[in-house]
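In what follows, a single structure is set out as structure tokens and then discussed.
The values are calculated or read from the model by the stated rules, or taken from the named source; none is laboratory data. Just so you know, these numbers come straight off a predicted model, no measurement behind them. When we count neighbours, we look across all protein chains shown, and the Cβ atoms used for this are built from the backbone with ideal geometry, even at glycine.
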Amino acid sequence: MNVAERLRSSRILAVFRLSNGAPDPVEQALRLVAAGVEAVEYTMDSPDALHVITRLRDELDASILIGAGTVTGVEQLGPLRDIGIEFIVSPHTDENLITESLNLGLEPIPGVLSPTDSPQGARRRRNDPQAVSGGADGSQLPQSHPGAVPRD
């Protein structure tokens, strides 16, 4: 079973987007996995993201899917691959990010906002892109998903 099929079959993806002072995400993930969760994502805009993702990979069973969310640039992909994650979630559709993810063996899950984004992402991926809600016209995206608009 490939990563996309495993994500679909797991039916629950625990997503951690934390701020400083939040409970230890690795301890939380261990509890969720003990309760049956099979896939975990930690967002790159959370504190100490690479360190926490490394701890997740080290402390969770190898059968647990681990991914990184809010991935906004190709420069983030190499370190994530080296840690051993299986998928990345981006808040936008970026051809270079999708291509490089696939080249590195990572399953890209690009966010889409418009009908134009959807075919672009689907054309580059093996499966349907993730939908990101931001209101009918996208005007609520920065408020509803603060990491969804890459900062220059």
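Screening the candidates 108, 79 for the property of being within 15 Å of the chain's Cα centre (by Cα) and in a strand (DSSP E or B) yields one hit, 108.
Being polar (S, T, N, Q) and more than 19 Å from residue 111 (Cα to Cα) narrows it down to one residue among 90, 46, 63; which is it? Quick ask: steps written out before the conclusion?
Numbers: 90 fails: more than 19 Å from residue 111 (Cα to Cα); 46 fails: more than 19 Å from residue 111 (Cα to Cα).
Unique residue meeting the criteria: 63.
Taking every residue in the stretch 61-79 that is on the phi > 0 side of the Ramachandran plot and pairing it with any residue that is part of a loop (DSSP other than H, G, I, E, B) and of a type in the set (D, E, K, R), at least 6 positions away or on another chain, the pairs with Cβ-Cβ distances below 6 Å are 70/45.
Listed by first and then second residue, the pairs with beta-carbon distance under 6 Å, at least 6 apart or on different chains, first residue in the stretch 28-57 and more than 13 Å from residue 14 (Cα to Cα), second surrounded by 20 or more Cβ atoms within 10 Å (Cβ to Cβ) and of a type in the set (S, T, N, Q), are 44/70; 45/70.
So which of 15, 33, 26, 40 is under 16 Å from residue 57 (Cβ atoms), assigned to a strand (DSSP E or B) and not basic (Lys, Arg)? Don't jump to the end; show me each part of the working.
Details: 15 fails: under 16 Å from residue 57 (Cβ atoms); 33 fails: assigned to a strand (DSSP E or B); 26 fails: assigned to a strand (DSSP E or B).
Answer to the check: 40.
Every residue in the stretch 52-76 that is of a type in the set (Gly, Ala, Ser) and either assigned to a helix (DSSP H, G or I) or within 21 Å of residue 103 (Cβ to Cβ) (or both), please.
As a first pass, look at the stretch 52-76 and keep what is of a type in the set (Gly, Ala, Ser): 62-63, 67-69, 73.
Those that are of a type in the set (Gly, Ala, Ser) and either assigned to a helix (DSSP H, G or I) or within 21 Å of residue 103 (Cβ to Cβ) (or both): 67, 68, 69, 73.
For residue 34, the conditions (1) at pLDDT below 95; (2) hydrophobic (A, V, I, L, M, F, W, C); (3) farther than 19 Å from residue 107 by Cβ are fulfilled apart from (1).
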